[in-house]
Amino acid sequence: MRSVVDHASSRADDAPVLRLEGVRRSFGIGTDVEIEILHGIDLVIQRGEFCALIGPSGSGKSTLLNIIGLLDRATAGKVFITGEDTDLLGDAELTRLRSRSIGFVFQNALLIPAFTALENVMMPQLVDKGWPDAAMRENASRLLGRVGLEQRKDNLANAMSGGQQQRVAIARALAMNPALVLADEPTGNLDTKSAEAVLKLMREVNLANGTTFLIVTHNMELAEQTDRIIEVVDGMVVSGTTRPTNASRNKLT
């Protein structure tokens, strides 16, 4: 029987989860004009890191996140995910790497409203194909238990609170046992109590599973609760401060 850890076992354990080398991204305007959004970004994120990505609007954060998430290709430079040189991959191989190595959490949970929590968490495996139904259900139930929602697995997504929906979204992001989770403003639509619970949950997953998190946020209070703050300004990484581990974790207790 296929296991969610089968594909993970083949990863190069000594390779960083993410390595960017001289990444540039330009967009054409009309026929003759190009605007460069990212200007030669170098960045390494190791396994198990819990990072924040910050920067003002228009800094290039979203463009960078799309490239890291393999939703867009760099104009120049190299992108390595768990040691894989993505330049060498065709579209189908890139899609496979993204689905198996990267999980996504968005500001809006983006659940399918008419599906149950269980069905929403099963979606990545359904799209990946080849998973036995019983294995998918068992995995989804386990993950919902991990986020404290096993008793609500049969509830429709649209019957849940915003905080509960975001917990389901985190479980869905973990369905394929990814090396990296990209969380784009994951607490932006939540009240303070729910936001704190979601951030604490992501930290717990990080510590328990060694899952790497890169959290995009405008909220400096949230960023200061991570171990490392990566700042993007004008299309360049200007700092990547590693914070004292205990200091950031203590804020979540």
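Readers should treat all values here as calculations from the given coordinates under stated rules, not as data from a laboratory. Just so it is clear, the structure is predicted and the values come from calculations on it, not from any experiment. Cβ placement follows ideal geometry from the backbone for every residue including glycine, while neighbour counts extend to all protein chains displayed.
One table, with the values for the structure above:
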read-out	value
The chain - share of DSSP beta bridges that are antiparallel (%, nearest 5)	60
Backbone HN-Hα couplings from phi across the range 134-147 [Karplus 6.51/-1.76/1.60, Hz, Gly and Pro as x]	4, 5, 5, 5, 5, 5, 5, 4, 4, 5, 5, x, 4, 9
Computed over the chain: relative contact order in percent, which uses C-alpha pairs under 8 Å that are six or more apart	27
Close Lys-Lys pairs in the chain, where close means Cα under 26 Å and separation is 8 or more or interchain	8
Charge context of GLN165, other residues only, Cβ under 14 angstrom, K/R +1, D/E -1	+2
LEU126/ASN155 FRET efficiency (R0 25 Å; Cβ-Cβ; nearest 0.05)	0.85
Net charge of neighbours whose Cβ lies under 15 Å from the Cβ of LEU65, counting Lys and Arg as +1 and Asp and Glu as -1	0
Theoretical FRET efficiency, 1/(1+(r/R0)^6), r = Cβ-Cβ of GLU21 and SER57, R0 22 Å, to 0.05	0.25
Three principal axis lengths of the range 71-133 [C-alpha, angstrom, descending]	41, 30, 17
Whole-Å distance, taken between Cα centres, linking the range 161-202 and the range 28-57	23
J(HN,Hα) series, the range 172-189, from Karplus relation 6.51 cos²θ - 1.76 cosθ + 1.60, nearest Hz, glycine and proline x	4, 4, 8, 4, 9, 6, x, 6, 9, 10, 9, 10, 9, 6, x, 10, x, 9
Rg(Cα) / (2.2 N^0.38 Å) computed for the chain, rounded to two decimals	1.00
Computed lengthening from SER239 to GLU221, 0.36 nm per intervening residue step minus Cα-Cα distance	4.8 nm
Mean residue ellipticity (222 nm) of the chain, computed from DSSP H runs ≥ 4 via -39,500 (n - 2.57), nearest 500	-10000 deg cm²/dmol
Per-residue Cβ neighbour rank within 10 angstrom, fewest leading, SER141, SER239	SER239, SER141
